[in-house]
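Throughout, read-outs are computed from the coordinates displayed, never taken from laboratory work. If you're wondering where the values come from, they're calculated on a predicted model, not measured in any experiment. Glycine gets a Cβ as well: all are built from the backbone with ideal geometry, and neighbour counts include every protein chain shown.
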Amino acid sequence: MHALLGEVQQRIEQIAGAQDRLDALVNAVLAVSTGLELDATLHQIVTAATELVASRYGALGVLADDGSLARFVYTGIDDPTRALIGDLPTGHGVLGVLIDEDKPLRLDDIANHPASVGFPAHHPPMHTFLGVPIRARDHIYGRLYLTEKRNGQPFTEDDELLLQTLAGAAGIAIDNANLYEQGRRRQRWLQASAEVTTELLAGSDPAEALHHIAAHARELAGADYTVIAVPDDPELSADELTELVITVSSGPKTAGLIGRTIPLAGSTTGAVVADHTPRNVAHLGYDFTEDSTIEAGPTLVLPLGANETSTGVLIALRAAGASPFDEHDVEVVSSFADQAALAMRLAESQTAHRELQALAERDRIARDLHDHVIQSLFAIGLAMQNTHQHAKSPVTAARLAEHIDAVQNVIYEIRAAIFNLQADASSGQGLRATLNQIITDLTGETALRATVRMSGPLDVVPAELAEHAKAVLREAVSNVVRHAHASAMQATISVDDNLTIDVVDNGIGLPDAPARSGLHNLRQRARQQHGTLTVHRLGTGGTQLTWTAPLP
């Protein structure tokens with residue numbers, strides 16, 4: 001600030017009519033330095049500049065990272081005229097010269113400059129021109145453009161000196177406004193992260209929490225739309241993953257995006273999933289907004305989590321023609337996405353811990369029922385049977401018989417309850433884990449080398465079909481272990497429109513008269529589910545069994 005004031009003093013001494021113009025400059029510097037809101041500060045700079053040098057029109061062009069104009073703040077042109085003109089300048093013509101040369105430019109007539117490309121239709125006529133750079137810290141933030149001095153005369157060297165001085169103050173004001181905005185955004189990030197973490201760890205519905213994550217990310221990024229895309233089957237490994245499904249959206253007109261798939265091959269999303277690095281792009285490699293009412297422009301794609309813990313991607317989009325995301329956008333939203341993903345992981349661990357506690361409690365109850373209650377009832381039943389044998393009264397004997405039957409029924413009901421408790425415990429594993437466990441149980445103590453491949457959303461398989469799948473896999477693998485004399489076996493379970501179980505071994509192949517009971521059972525299960533069973537000997541030796549059934 002001291003250096004700036006010294007520069008102001010030196011320049012003011014060079015200007016004719018110094019006192020009046022000094023007052024105007026001081027007022028202009030004060031005007032641009034009083035606010036902390038960036039948008040308001042930019043508009044105030046343009047207004048103060050036009051008043052300082054008495055110009056009809058003024059504008060401030062904010063530079064993007066690539067040197068083009070990211071924003072264009074103007075004054076002097078009314079809204080109807082602005083609508084007729086059309087698109088705002090992008091940095092061509094004389095404006096481009098000022099961007100490239102990084103020094104003041106003063107013209108008596110814009111049309112006489114070699115770089116002039118004219119004006120679009122309905123644009124007000126402009127002749128005199130004065131432009132200066134605005135520096136914020138160590139880089140050029142943008143340019144101030146003034147046209148049409150009100151007295152009809154060209155801009156003077158005094159005007160140029162005054163505007164350069166104002167541009168110095170404007171750079172400091174812009175820097176302060178940027179720092180203030182960054183502080184506010186960090187505060188919002190911390191608040192949003194705390195809200196999401198508290199919500200997830202409090203046991204809220206994860207789907208609802210994802211909606212809040214999308215909404216918070218949209219606000220933090222200054223995006224028009226956000227979506228979250230995750231694997232259709234959360235248990236798929238990274239090698240098996242081929243696409244993500246959009247499950248959550250935030251922003252107007254985004255409801256139609258729910259359920260759309262994003263292929264990983266050749267897409268921006270796929271690149272983020274592969275290396276877990278955010279992408280800030282002008283356009284998506286695969287535009288999932290096609291055939292929707294959304295016209296996507298600059299896009300930010302971020303992993304939800306890191307490395308092997310990634311659970312999907314968060315995608316923030318701005319409308320076509322909007323300014324791109326900057327480095328600060330990437331930093332803030334990436335930090336929020338990482339924090340949200342960590343909270344999701346902690347919530348999942350917390351939920352799994354609660355489920356394990358519930359399963360342990362079920363197991364304890366089942367043991368207590370079996371070891372204590374059933375045994376006590378059994379002892380009571382035996383005592384009653386002994387009494388029944390010695391009863392002399394037919395009426396008493398009949399009543400004792402009824403009570404003995406009642407005790408036996410209670411024992412049956414308790415055993416059924418124990419079975420249901422144990423079934424609930426095993427169902428918590430999920431179909432994928434259960435099928436893996438079946439193969440491990442059958443082959444774990446043998447020399448057979450078993451390979452398992454699973455693909456598709458196994459969790460969507462309905463309960464009845466899942467029970468058939470377990471029985472089919474158990475029978476097929478058991479046949480390999482007992483009869484095939486194989487050294488290797490591969491089991492492939494896939495889900496698309498059908499559930500398919502394919503078991504291949506390198507054993508001795510089908511016998512001439514294979515046992516029919518096992519295969520008959522598998523065919524019967526296939527028939528019940530409107531599916532098929534095929535078993536044949538491979539030309540290279542071994543057997544392939546394929547059981548398939550359609551998903552309802």
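Need one number: nm distance between label points at Glu51 and Ala433, each 7 Å from Cα along Cα→Cβ, rounded to one decimal.
Between Glu51 and Ala433, the label points sit 6.9 nm apart.
Report the FRET efficiency, 1/(1 + (r/R0)^6), for Thr532 and Gln357, where r is their Cβ-Cβ distance and R0 is 41 Å, rounded to 0.05.
Using R0 = 41 Å, I get an efficiency of 0.45.
Sorting check: for 328-334, 361-367, which peptide has the highest mean count of neighbouring beta carbons within 10 Å, and how do the rest follow?
So the order, starting with the most tightly packed, is 328-334, 361-367.
When the chain is fully extended, how far beyond the present Cα-Cα distance does Asp39 get from Gln524, taking 0.36 nm per residue of separation?
Details: separation 485, 0.36 × 485 = 174.60 nm, distance 7.25 nm.
Extra length from Asp39 to Gln524 when fully extended: 167.4 nm.
Across the range 217-233, in residue order, what do the Karplus-derived ³J(HN,Hα) couplings come to in whole Hz, using 6.51 cos²θ - 1.76 cosθ + 1.60 with θ = phi - 60° and x for Gly and Pro?
5, 4, 5, 5, 7, x, 8, 8, 9, 9, 9, 10, 10, 9, x, 5, 10
Provide the gained length on full extension for the span Thr492 to His123, in nm with one decimal, where the gain is 0.36 nm per separating residue minus the Cα-Cα distance.
126.0 nm
Estimate the FRET efficiency between Gln544 and Ala274 by the formula 1/(1 + (r/R0)^6), using the beta-carbon distance for r and 30 Å for R0, to the nearest 0.05.
About 0.35, to the nearest 0.05.
Out of residues 5 or more away from Asp232 or on other chains, whose amide H comes under 5 Å of its own, with H placed 1.01 Å from N in the peptide plane?
Val245
Show me 168-177, 478-487 ranked by packing, highest mean number of other Cβ atoms within 10 Å first.
The peptides rank, most packed first, as 168-177, 478-487.
Using θ = phi - 60° and the Karplus curve 6.51 cos²θ - 1.76 cosθ + 1.60, what whole-Hz ³J(HN,Hα) does each residue of the range 43-48 get, with Gly and Pro shown as x?
In residue order, the calculated couplings are 5, 5, 4, 5, 4, 5 Hz.
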